[in-house]
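K.L.:
To start, I am sharing the structure in question, which I have written as structure tokens.
The values are calculated or read from the model by the stated rules, or taken from the named source; none is laboratory data. Just so we're clear, the structure is a prediction, and the values are computed from it rather than from any experiment. Note that we place each Cβ from the backbone using ideal geometry, even for glycine, and neighbour counts take in every protein chain shown. Areas reflect the complete protein model, heavy atoms only, side chains present, ligands, DNA and RNA absent. Shrake-Rupley method; radii C 1.70, N 1.55, O 1.52, S 1.80 Å.
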Amino acid sequence: MMKTLLLIAGLLTPFSGQDTVHQTVSPQAAGHMVRAVQTIPAQHAVPADFQTLNGISLEDTRADVLKKLGKPLRIKKDMLQLSTEYQYPDVIVGMRGDVVSYVHVDPAAGRIKVNDEWLPLKRQTLDQALGGSQFTAEDGEVYVRGQRAIKVFTDEMSDKPKYVEFFDETEW
């Protein structure tokens, strides 16, 4: 009875689809079975964590940002957030002390780069690529990985992105 239950459970367990086994027999290997395992990468795998947004990490220092993005168009003190903003054409990097506190991307950029993958600023595409939002706020969708979050702020009337921010939740 136990063997039957195990056999049924094995048949009902879904196959992951990650590894595909191909069996081939060549004329040179007559009578021998040759097995080849081919790993097929999942397209648009959901990131396990958020490391960077548009190439900027929350561990980057002021020197790292200047090296990556060059001289900013403008440097502005934000007294409300107690930060210094380094403003570039499509991105603002907020610094607290000498370390990046947040990254703000303007929708004029048309896309964002999460880790190493460029994504268009379209809700359906972002939901699919980032695995769906964990929170829906009145002003946007929040995607969370550990203590890091990417929030896509949206316009109430049009539901189009107003801007995107990358930050560490423990700081706010």
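K.L.:
With respect to Pro47, is the statement that it is open to solvent by less than 30 Å² (accessible area, probe 1.4 Å), in a loop (DSSP other than H, G, I, E, B) and modelled with pLDDT of 95 or more true? Full working, then the answer.
P.N.:
Details: open to solvent by less than 30 Å² (accessible area, probe 1.4 Å): yes; in a loop (DSSP other than H, G, I, E, B): yes; modelled with pLDDT of 95 or more: no.
When the stated conditions are applied, Pro47 does not pass them.
K.L.:
I'm trying to understand the selection: among the residues of the range 62-106, which are surrounded by 14 or more Cβ atoms within 10 Å (Cβ to Cβ) and small (Gly, Ala, Ser)?
P.N.:
Residues satisfying the conditions are Ser83, Gly94, Ser101.
K.L.:
Still on this model: Which condition number does Ile8 fail, the rest of (1) at pLDDT below 85; (2) at positive phi; (3) more than 22 Å from the chain's Cα centre (by Cα); (4) surrounded by 10 or more Cβ atoms within 10 Å (Cβ to Cβ) being met?
P.N.:
Result: Ile8 passes all but (2).
K.L.:
Shifting gears a bit: I need the full set of residues from the range 137-156 which are open to solvent by 80 Å² or more (accessible area, probe 1.4 Å) and at pLDDT 90 or above, in order please.
P.N.:
Gln147
K.L.:
Is the range 97-110 home to any residue that is free of Cβ contacts under 8 Å to residues at least 40 places away in the same chain and farther than 22 Å from Thr154 by Cα?
P.N.:
Yes; the residues of the range 97-110 include at least one that is free of Cβ contacts under 8 Å to residues at least 40 places away in the same chain and farther than 22 Å from Thr154 by Cα.
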